[in-house]
1. Take ARG578 and tell me if it is among the basic types (Lys, Arg), within 23 Å of GLU611 (Cβ to Cβ) and free of Cβ contacts under 8 Å to residues at least 40 places away in the same chain.
2. Which condition number in (1) polar (S, T, N, Q); (2) under 21 Å from the mean Cα position of the chain (by Cα); (3) crowded, with 23+ Cβ neighbours inside 10 Å is the one that THR256 fails?
3. If a residue must be open to solvent by 70 Å² or more (accessible area, probe 1.4 Å) and at pLDDT 95 or above, how many such residues does the range 798-819 contain?
4. If I filter the range 520-548 down to residues being open to solvent by less than 10 Å² (accessible area, probe 1.4 Å) and small (Gly, Ala, Ser), which single residue comes out as farthest from ARG461 (Cα to Cα)?
5. Consider the range 242-264. How many of its residues are modelled with pLDDT of 95 or more and either on the phi > 0 side of the Ramachandran plot or part of a loop (DSSP other than H, G, I, E, B) (or both)?
6. Determine if the range 711-731 includes at least one residue that is of a type outside the set (A, V, I, L, M), in contact with a His (Cβ under 6 Å, 6 or more places away or on another chain) and open to solvent by 10 Å² or more (accessible area, probe 1.4 Å).
7. Which pairs do you get when a residue that is of a type in the set (Phe, Trp, Tyr), found in the range 376-393, comes within reach of a residue that is at pLDDT 95 or above, reach meaning Cβ atoms under 7 angstrom, with the pair 6+ apart or on two chains?
8. When you look at PRO198, is it within 21 Å of the chain's Cα centre (by Cα), open to solvent by less than 20 Å² (accessible area, probe 1.4 Å) and closer than 27 Å to THR385 by Cβ, yes or no?
Amino acid sequence: MNLASRGLRAPRTASHGVGSGAYRCLNLPKRSLAARSPISSATAAVQVAAAPVAKTTPRRTPLSSPSLLPVPGGAPGGAGAYGAPLRGSAEPLGATYDAELGGYNFAIFTSAAQRVSLVLFTEADLAAGRATHEIALDPRTNRTGDVWHVFLPRLSPSLLYGFRVAGRNQDKSKGPDGGHDGAAVGHRCDEVEVVLDPYARAVLSRRRYGALGPKELDYSDPSVLGLAPTWPQMAAWLPSPGGDGFDWQGDAPLNTPMEDLVVYEMHVRGFTEHPSSGVEAPGTYLGVVERLDYLQRLGVNAIELLPVFEFNELEYYSPIPGSSAYRYNFWGYSTVGYHAPMSRYSYAVANGADGDALRREFKLLVREAHRRGIEVILDVVFNHTAEGNEAGPTLSMRGLDNRVYYMLAPGGEYYNYSGCGNTLNCNHPVVRDFIVDCLRYWVQEYHVDGFRFDLASIMTRAPSAWHPTTQPADGGPPAGLHSPVVNGAANGAAAAGAEAEAVPLGPITDDSGVMTDGAGVPTGAPLSNPPLIEAISEDPILRNVKLIAEAWDCDGLNQVGAFPHYGGRWSEWNGTFRDTVRQFMKGTEGPWAGNFASALCGSPGLYAHSEAGEENWWANNGGAQWKGNRAPTASVNFVCAHDGFTLADLVAYNEKHNEANGEANADGESHNLSWNCGEEGPTADPTVNRLRQRQMRNLVAALLLSHGVPMIQMGDEYGHSKSGNNNTYCHDDHLNWVDWQQVAADESGFGRFVRRLIHFRRDHPELRRRTFVSDGEVQWHGDTPNEPDWTESSRLVAYTLRQSGSQSGLYVAFNTSHLPRVVQLPQWHGRAWAPVFDTSKVAPHDALIADEELGEAEVKEARLAGSMWGGGGYCPLLPWSCVVLESVPEASLIAPRSRAAGAAAPPRGGAAPAAEARAAKAARRNATAEQMLNEVTKS
């Protein structure tokens with residue numbers, strides 16, 4: 001979420017309002033504190049596809065094995081669904097199958113619980129809002145430290161599970177006198193709810209994207225599980241005994257060097273949901289697989305997927321005022337399950353398959369992307385969750401251990417550095433381990449290649465901490481972590497027969513009452529050496545994965561250029577690059593020519609130099625040690641991203657037009673640095689439309705010719721417009737869907753221009769550097785060679801870039817003035833300047849590279865014609881244009897002998913061969929769709 005870089009600030013203290021308006025539409029009923037009695041069901045378990053059980057040699061287990069100890073007074077087996085519960089093991093967390101013991105181990109962390117039950121569901125009972133089985137855990141046997149655990153032999157893998165956790169709740173718990181329970185501050189356990197395991201590997205609530213849960217249920221009835229049709233009860237699928245059976249076919253990490261990446265920021269559903277996509281499985285992981293060939297042809301070699309961890313697309317569900325549409329959480333930046341792929345992005349799940357099929361489908365996407373040389377990077381949200389602030393739903397972490405998982409103020413209010421109602425307590429040891437476990441899981445289980453961390457600066461902030469037990473009333477030493485204490489009395493009360501329990505103390509504050517991390521550092525203070533970032537950076541499993549930080553948050557902390565990178569392990573979204581390119585390209589008065597030149601070179605002012613401007617608070621204080629001595633690959637360059645104008649809208653609108661969101665155009669960023677080229681929105685004026693096409697090419701040229709790692713937003717490669725809406729978070733429609741008819745038509749030739757420029761970057765190592773350029777490798781020019789103009793009125797940036805160890809190189813010039821100009825070219829001995837790109841030319845002559853659109857002979861002829869200027873040492877630049885010339889041997893531009901009269905002209909590439917190629921590719925895609933589906937569903 002690109003918020004703080006644009007001046008948005010959230011409250012510096014805790015949030016008291018509803019985060020992001022996410023829960024206003026829920027109308028959640030008030031719930032009773034009465035515990036629900038488990039309701040048995042005679043409904044047969046839903047049959048789901050399962051991989052064959054792996055054959056293993058039984059292990060001889062000592063009778064004293066903790067997993068085999070019976071639970072004292074434990075319940076018998078659940079009507080044949082499982083055997084008598086055993087003690088289980090505290091490790092690993094989550095639900096795991098033990099083939100040698102023939103059952104499932106469940107382990108979950110909660111230091112706040114007084115009672116815990118494992119709740120099991122059939123799918124039918126889950127949909128009906130009732131539990132199928134409930135097993136109460138014995139705190140004497142099923143608890144090790146703060147981990148509750150149980151082992152169920154012979155458990156049917158068709159069941160789903162969750163946990164019921166009883167404990168204090170600051171809004172509901174009563175003290176001994178019937179008044180407010182002061183010891184409950186910060187706790188939000190709620191035994192009325194069944195919560196998700198944070199380690200759940202696949203989550204089921206509804207099978208189809210956008211479908212409401214059961215409307216006939218009375219969610220105000222305490223015996224009915226779930227919150228509303230938009231929030232029906234969720235539960236986790238069990239992993240199959242033999243695993244999901246996916247065949248990786250020898251897949252291995254691509255380990256593409258950062259400097260070689262061209263990243264494509266994409267949305268799984270938006271990529272193929274449009275009716276024109278022509279795929280068998282639109283809007284799904286499988287649909288992406290069907291269209292991977294398009295991305296390979298485009299030339300991108302990494303896809304950055306907007307959130308694919310389980311989330312609820314109905315979180316914001318409500319009618320959009322003034323329209324018949326409903327509001328969705330389309331982007332998905334509101335995580336529910338961190339170890340689980342978004343189930344309603346699965347074609348298999350929508351058609352009745354189980355969690356294993358879900359996992360296989362996502363793995364298929366990764367494997368097939370790798371097969372085409374494309375890495376998979378996940379956009380992950382470890383700054384907040386879908387539970388929001390105190391008005392939000394209890395789904396998982398809040399009901400397990402609110403004090404541990406969330407950053408809280410002394411009164412139990414949520415700090416809101418995310419702008420979304422809550423903030424994950426990232427640097428608490430338990431949360432830190434959870435995040436690292438999650439990242440490791442996605443790398444090992446799904447072979448993903450990297451992560452982009454949303455609002456990553458939150459991950460550098462100090463956590464909040466609470467005392468674990470009550471201080472004795474007699475002034476003696478505090479009770480131990482698990483010592484029984486009753487209402488502040490000493491341990492002797494337990495010996496007298498009183499029901500003993502550990503009563504937590506309050507927050508750990510400093511002398512002024514400010515919340516701290518337990519060691520005197522104020523909660524939320526940016527840490528110079530944040531433990532979480534260090535753990536991720538130094539983890540051996542994560543050693544080679546890409547780590548990309550959105551290095552700011554919603555409270556104004558901006559760490560761009562000085563994010564803790566631990567030896568260069570991290571790259572950063574470079575918002576400065578975006579703003580600089582936009583300013584210079586529209587001809588803004590100011591220091592933009594020099595700043596633009598720096599951006600082209602990988603932003604050395606941010607990443608090479610250790611000095612920081614006086615206005616950079618972080619880099620001059622806690623971040624000073626992280627400033628400078630990095631490579632151009634630290635900069636992930638972008639002009640547009642998902643939250644903001646598209647490339648086409650950036651050159652067509654001066655103002656945002658978000659009326660379709662139903663918020664009176666009050667949402668979204670107003671400071672966009674855009675220029676409409678003369679008219680607002682769509683126009684029939686050919687002059688304005690030509691200028692817009694030119695500006696789009698100029699912007700993408702700046703992106704792809706710059707050192708660093710370029711990132712293209714999905715749809716920008718063909719000129720997708722959202723009609724001036726720069727905040728389409730809530731739309732599941734054409735605003736956010738790729739229009740494949742527009743892709744295929746490519747009427748302006750812009751798609752071809754982008755494709756050719758990406759491949760040009762791939763073929764020219766001087767554009768893909770792992771070190772910053774030296775003065776001997778780049779020379780800056782003006783109207784004449786070696787005389788650049790860095791004044792605030794300058795509208796020309798021109799330079800030559802030599803290819804190391806070669807006479808080859810490039811001349812690049814950007815003219816952002818409204819006036820044309822002719823520049824003198826530098827002379828290289830024995831070399832000539834051949835035109836390659838010119839954004840002022842009509843397609844396909846804007847990119848003089850041979851392909852199906854432009855034949856070899858035409859390219860040579862056009863280059864020869866262009867060299868008439870270059871041969872004389874000059875180059876014309878139209879207003880608002882960019883040219884790229886390539887250094888070639890002089891002999892290569894000598895005019896060939898004329899063809900004999902009447903001789904046949906060489907064949908010209910055109911639309912017919914392109915159409916035939918597209919038809920053949922579509923036929924191959926359709927032929928393999930069924931094969932891929934069979935692999936996912938194992939049918």
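1. Here the answer is no, as ARG578 does not meet what is asked.
2. Condition not satisfied by THR256: (3).
3. Selection size over the range 798-819: 2.
4. Result: SER537.
5. Matching residues across the range 242-264 total 14.
6. Scanning the range 711-731, I find no residue that is of a type outside the set (A, V, I, L, M), in contact with a His (Cβ under 6 Å, 6 or more places away or on another chain) and open to solvent by 10 Å² or more (accessible area, probe 1.4 Å), so the answer is no.
7. Filtered contacts from the range 376-393: PHE382/LEU424; PHE382/CYS426; PHE382/ILE435; PHE382/PHE453; PHE382/MET459.
8. Judged against the criteria, PRO198 is a match.
The values are calculated or read from the model by the stated rules, or taken from the named source; none is laboratory data. Source: prediction; values computed, not measured. Note that we place each Cβ from the backbone using ideal geometry, even for glycine, and neighbour counts take in every protein chain shown. Note: areas computed on protein heavy atoms with side chains; ligands, DNA, RNA excluded. Shrake-Rupley method; radii C 1.70, N 1.55, O 1.52, S 1.80 Å.
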